[in-house]
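The values are calculated or read from the model by the stated rules, or taken from the named source; none is laboratory data. All values derive from a computational prediction rather than experimental measurement. The area values use the complete protein model at the heavy-atom level, side chains included, leaving out ligands, DNA and RNA. Shrake-Rupley method; radii C 1.70, N 1.55, O 1.52, S 1.80 Å.
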Amino acid sequence: MIEIPSDLHKDVVSLAFLLGTWEGAGVFDFPGSEKCNFGQEVVFRHDGRPFLEFRSRTWVLDNDGEKVRPLENEHAFWRVTSNQHGTSGEREIEISSVRDDGTVEIWYGKLHDGKPQIDVATDAVARIDGSAPYSGGKRLYGMVNEELLWVGEKAAPEVPLRPYMSAQLKKVLSPAQLIKDIADLPDDGIAFFK
C-alpha cells in the first residue's frame, strides 16, 4: 500500500510510491571495469518542496555477500515537469544528479500512465578531469510485487549504449512504522506469544 504524506508537495504525488529507504543487491558489468555483485541502499525523501531527493550508495560484495569496498554514490533531485496533477496521461520527469566520480547528469523521461514505471535518458553529461569516460545513459525504474527494480544502460566514447547495472530492492520499514504496526499488542507483549 502506498501512503501519501500530508506534507508531500502536490507536484510529486505521482512519485509517492518511491518514498522511503530501499535495500538490495544487483550486478555491475561494463567493459574496462571489474564485473561484480553489489549491494545498494536507495533513499527517496521529500521536504515539502516540489521534488524528491534521491540518494544511492553502492558497494562491491564478495561471494559471501559481505561488503568489500564502495562502488559508486549518487545524489539527485527528481521533479515532475508536466501533467503533475493530471489523473491520466504520462508525466514528464526531470532528474539532476551528481556522482562521486565527478559526473553531473541531467535526465529527462516519463512516468508511465497507470503503472509505476519510469524511463529516463541523459540529456546532458559533464565530467571533471579524471572521471571515467562516459557519454550518456538510460535508466528504467519500476515497482514489481512491492519491490523496486531498476536497470541502467551506459555509453562511453569507445562503448555503445549497453546495460551495465541492475538491482532488485526491497523497502526497509522504519522503526516508527514498526511501532505503529505493533500498537495493538498488549502492554506486556506476552499475550502475543500465547
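Quick notes on this structure:
- Shape of the chain, Cα gyration tensor, a/c cut at 1.5: oblate
- If the segment from Glu158 to Lys170 were pulled out straight at 0.36 nm per residue, it would be longer than the present Cα-Cα gap by 0.9 nm.
- Helical mean residue ellipticity (222 nm; -39500 (n - 2.57) per DSSP H run of 4+; nearest 500) of the chain: -1000 deg cm²/dmol
- Whole-Hz ³J(HN,Hα) from phi, Karplus 6.51 cos²θ - 1.76 cosθ + 1.60, for region 33-49, glycine and proline x: 10, 6, 6, 7, 8, 9, x, 8, 10, 10, 10, 10, 9, 9, 10, x, 8
- Largest GNM mean-square fluctuation across Lys138, Lys115, Lys171, computed for the chain with C-alpha springs under 10 Å, falls on Lys115.
- Area accessible to solvent at Arg45, 1.4 Å probe radius, in Å²: 130 Å²
- Residue-normalised accessible area of region 116-170, expressed per residue, 1.4 Å probe, Å²: 53 Å²
- Rounded if a/c under 1.5, otherwise prolate or oblate - region 58-138, Cα gyration tensor axes: oblate
- Selected from Asp101, Asp129, Asp119 as most flexible by GNM, with the chain as the system and alpha-carbon contacts under 10 Å: Asp129
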